Amino acid sequence: MDVRSQMSMVFHLDKCLGCHTCSVACKNIWTDRKGAEYMWFNNVETKPGTGYPTKWEDQDIYKGGWEKTNTGGIELKGAGKLKGLVNIFYNPNLPVIDDYYEPFTYKYLDLIESPQQDVQPVARPVSLITGKPIDIKMGPNWDDDLSGTPDFARKDPNLENLSPAEQEAMFQLEKMAFYYLPRICNHCLNPACVASCPSGAIYKRGEDGVVLINQEVCRAWRMCITACPYKKTYYNWSTGKSEKCLLCFPRIEAGIAPACMHTCVGRIRYLGVLLYDADKIEAAASADEKDLISAQMDIYLDPFDPDVIAAAKANGIADSTIQAAQESPVYKFVKEWKVALPLHAEFRTLPNLFYVPPLLPVMATISERSNSPKVNEISKQWDDKWLYDTSLDEIFGTIEQTRFPLKYMANLFGAGDEKLMADKLNKLMAVRIYRRHKTVGDISKEKSDEALRKVGLSESEAEALFNLTTLAKFEERFVIPAAHREQSIEMLESTADVKGSEGFGFIERPVRGL
Amino acid sequence: MVDNVLYIAFPYVAIVVFLIGSIYRYKFGFKYSTLSSQFLETQKLYLASVPFHVGIIVIFLFHLIGFIIPPINISLGGTTLVVFETIGLIFGFLALFGIIMLFIRRLQNERLQMVTNKMDIVIEILLILQILLGVLTAIMYKWGAGWYSADMAPYLWSLFTFNPDASAVAAMPLLVKLHVIGAFLIILLIPFSRLVHFLVAPFHYISRAYQVVRWNWDRKTIRDPNTPWRETIKSPQNN
């Protein structure tokens, strides 16, 4: 058992309101530089939708992540020692700037300096690459809230194995729904970007598992951009180096939450330590697709187990880190209550960002049954049979009535396993029913008990899940063991963070080489 | 005198500048990069970058083999040598085609102009001329590659053994002389251009484990009260 510590995240999608505050906070700190304008270490996309970069989930296009070989092992789909070196002069699977968008600004000064004339002056958009006027074809969050549109929602790669009827049902105007999917780097246990880097510039920090790109060693072989199936490494076309989310490690070392999490308005984000067994990574990453998620869950260890604690201490993990692991909100969501799932586990990178799937847009379904008699006194019923309504024969509707097909949700979070997806949603629903019983009282105790019993939650667990979901304070959502002063990076080298430098450990300003 | 300056002094200057410049620049490693522009323009790159790189690498290896083991060419003789020369010429043309395509691509694309500096243009023109000179020499003079082994390799060896003798080059036609000067000029300019990227070609990737985990301190001794903390620190190493 090789116990290591990993900073890992849970995003609670039911709570995400799509305000993009996280993206803006991140951009202001890390990517408001030349060559980085198009990068969003944190982005929020609308699902169903094509995302950023366009159709990033479609690995037939981008060849990201790992795939199983005939011999039972795994290999990188579009990079690796053979494919990477053969394609080093020209990477056939590289996303280009147009797959993201051409960064632009407006000539605002024209509004002020325009001479008097008969027409209103306009601020024309100009490219941030060439400085010339452009027609904007794509921008950050271009598909925001555009569920149902033919260009975005209907091209969602996760619709692939849904029948045309199922797809159509998702996009009828009156019944349409969507939710937001905020994404940062997953700081994977089996990172494809690290494995693909020919110069060895990308590495996983042993102490907290943050995946970083050493800017001094990066040589722009650009394999990481192909290899990362989440497209969370970005190429800076100006400096000729790749960059990625660094989980605000200077903040984490000081015990402060990363900027995206700190600013989260919906309080959807949780950050905490997971202890894991590094010896199990290889086996878990090459498990059969149906076992992938359970194999990944087995890697994470119980921080209360005396054997685990002893092994962790022998590996030099600080007591403060072990304590943080015991209080970790991520551990609770992922291991204790088992309601959070990794995004696209089938990419086999073992991501450490888990999502509590969104219940409301999925459950708030309505079929043409609004003429059926009301089961409950207080449930609302609208005359328009197509109207958005959560109150049919069950107060919240049931899993079987989902507005989003479970297959669609399972493609995103369950590696295709619909049953697993239904389990998670049922659990979340049970907590909801339990709380409705507690607070409103229009659901009977029998019904509430029955719902909890079915999903195997005790009342106290349901209460704890509810508390951490809705009422958790800052310190409960972010349990970050600060780096011990004698170990912190600042003791080794000056991070000399000035705005405009990247804080990756160099003092030099990041200017383009000759 | 002029010969000595051009074929003895200049090469030494070029090599010294190349060595010192490259090491100095590596020390401040942020600027070592291929500066790939594929992210901004990918469609025209395939028919430019691949032929150029494949061509130039094969040609470079041919030059290197001829230099390191001169007798190999002479001993081959006859038909084999012709085959080798034909292969060399094909790859020479390939490299020439590639570099011209790269040059055109760079000039045509608006986005690429934003990431193009003067040295990129200088280097590309120099490479075009240099490869052209090499190809022309191969076509116009029917000495065969044996000549390279017989005359040029000894000259290069004389440079490297610090016993310089320029007489062999001085007797060569202008085309060859220019090719020699061009070669050392390019070597001189390597530390000042994007050409440095060939010095950090990722051969070590082949033998490396796929996953890289770096520890800032030695996790086995960090909690050991008998080890001073300074000794537990592992500075992250670069390649």
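Computed from the coordinates by the stated procedures, all read-outs in this text should not be read as laboratory data. Note that the coordinates shown come from a computational prediction; the quantities given were computed from them, not determined experimentally. Backbone-built Cβ (ideal geometry, glycine too); neighbour counts: all protein chains shown.
Beyond 25 Å between alpha-carbons counts as too far, so tell me which of A:LYS55/A:LYS107; A:LYS424/A:LYS447; A:LYS34/A:LYS244; A:LYS204/A:LYS335; A:LYS290/A:LYS473; A:LYS332/A:LYS424 fall in that bin.
In this structure, A:LYS55/A:LYS107; A:LYS290/A:LYS473 exceed 25 Å between Cα atoms.
List the residues, sorted by chain then number, that are 5 or more residues from A:LEU128 or on another chain and whose placed amide H is less than 5 Å from its amide H.
Under 5 Å from the amide H of A:LEU128: A:PHE104, A:THR105.
Nearest 20 debye, what's the magnitude of the dipole of the protein assembly as shown about its Cα centre given +1 on Lys and Arg Cβ and -1 on Asp and Glu Cβ?
Computed charge dipole of the protein assembly as shown: roughly 1420 debye.
With the crude spin-label approximation of a point 7 Å out along Cα→Cβ, what separation in nm comes out for B:HIS204 versus B:ILE90?
It works out to 3.6 nm between the two label points.
Just how many pairs of Lys in segment B:2-203 have C-alpha atoms closer than 29 Å, counting pairs that are eight or more places apart or on different chains?
Going through segment B:2-203 pair by pair, I get 6.
Which loop-located trypsin sites (Lys or Arg not before Pro) does segment A:81-171 contain, where loop means any DSSP state but H, G, I, E or B and the Cβ has at most 12 other Cβ atoms within 10 Å?
Here the trypsin sites (Lys or Arg not before Pro) that fit, given the DSSP loop and packing criteria, are A:LYS137.
Kindly point out which whole DSSP H helices in chain B project their C-alpha atoms 27 angstrom or further along the helix axis while averaging a Kyte-Doolittle hydropathy of -0.5 or above.
Once both thresholds are applied, what remains is B:46-68, B:78-108, B:118-140.
Once you keep just the Cα pairs under 8 angstrom separated by 6 or more residues, what percentage relative contact order results for segment B:2-203?
37
Taking H placed 1.01 Å from N in the peptide plane, check which residues at least 5 places from A:SER242 or on another chain put their amide H under 5 Å from its amide H.
It is A:ALA220, A:ASN236, by chain and number.
Taking the Cβ-Cβ separation of B:PHE160 and B:THR116 as r and a Förster radius of 35 Å, what is the calculated FRET efficiency to the nearest 0.05?
The value I calculate is 0.50.
Between segment A:256-287 and segment A:447-462, how many Å separate their Cα centres?
27
Residue by residue through A:82-95, how many Cβ atoms from other chains fall within 10 Å of the Cβ on average?
4
How far apart, in nm, are two points set 7 Å out from the Cα along the Cα-to-Cβ line at B:ALA9 and at B:SER167?
The answer from the label model is 2.2 nm.
Within 10 Å of each Cβ of B:198-205, how many other protein chain Cβ atoms are there on average?
That works out to 5 on average.
Cβ under 11 Å from A:ARG205's Cβ, A:ARG205 left aside: what net charge do those residues give with Lys, Arg +1 and Asp, Glu -1?
Cβ neighbours under 11 Å give a net charge of 0.
In a GNM of chain B with a 10 Å cut-off on Cα contacts, which of B:ASP224, B:ASP165, B:ASP120 has the highest mean-square fluctuation?
B:ASP224
Step through the residues of segment A:273-281 one at a time and calculate ³J(HN,Hα) from phi using the Karplus curve (6.51 cos²θ - 1.76 cosθ + 1.60, θ = phi - 60°), rounding each to whole Hz and writing x for Gly and Pro.
8, 10, 8, 9, 9, 5, 5, 8, 4
Which whole number gives the average, over all residues in A:233-245, of C-beta atoms from other chains lying within 10 Å of the residue C-beta?
Mean partner shielding for this stretch: 3.
Report the chymotrypsin sites (Phe, Trp or Tyr not before Pro) located in segment A:51-106 that are in a DSSP loop and have at most 11 other Cβ atoms inside 10 Å of their Cβ, or state none.
Qualifying residues, ordered by number: none.
Taking GluC sites (Glu not before Pro) that fall in a DSSP loop and have at most 10 other Cβ atoms within 10 Å as cut points, what is the longest piece of chain A between them?
A:1-367
Would you pull out the residues with amide H under 5 Å of A:GLY416's amide H, same chain only if 5 or more places away, H placed 1.01 Å from N?
For A:GLY416, whose amide H was placed from the backbone, the distant partners under 5 Å are A:ASN411.
Roughly what would the spin-label model give for B:PHE97 and B:LEU47, points 7 Å off Cα along C-beta, in nm?
In this crude label model, B:PHE97 to B:LEU47 measures out at 0.9 nm.
Just the number, please: percent antiparallel of the DSSP beta bridges in chain A, rounded to the nearest 5.
Around 85 percent antiparallel, to the nearest 5.
What list of ³J(HN,Hα) couplings, whole Hz, do you get for segment A:245-251 from phi and the Karplus terms 6.51, -1.76, 1.60, once you set θ to phi - 60° and write x for glycine and proline?
Couplings: 4, 10, 6, 6, 4, x, 6 Hz.
What are the chymotrypsin sites (Phe, Trp or Tyr not before Pro) within segment B:172-210 that DSSP puts in a loop, where the Cβ has at most 11 other Cβ atoms within 10 Å?
The qualifying sites are B:PHE203.
Can you compute the helix-only [θ] at 222 nm over the protein assembly as shown? Use -39500 (n - 2.57) per DSSP H run of at least 4 residues, normalise by all residues, nearest 500 deg cm²/dmol.
Calculated mean residue ellipticity at 222 nm is -11000 deg cm²/dmol.
In whole angstrom, note down how far apart the Cα centers of segment B:192-210 and segment A:182-226 are.
Value for the Cα centre distance between the two parts: 17 Å.
In whole angstrom, note down how far apart the Cα centers of segment B:134-171 and segment A:45-80 are.
Measuring centre to centre over Cα atoms gives 52 Å.
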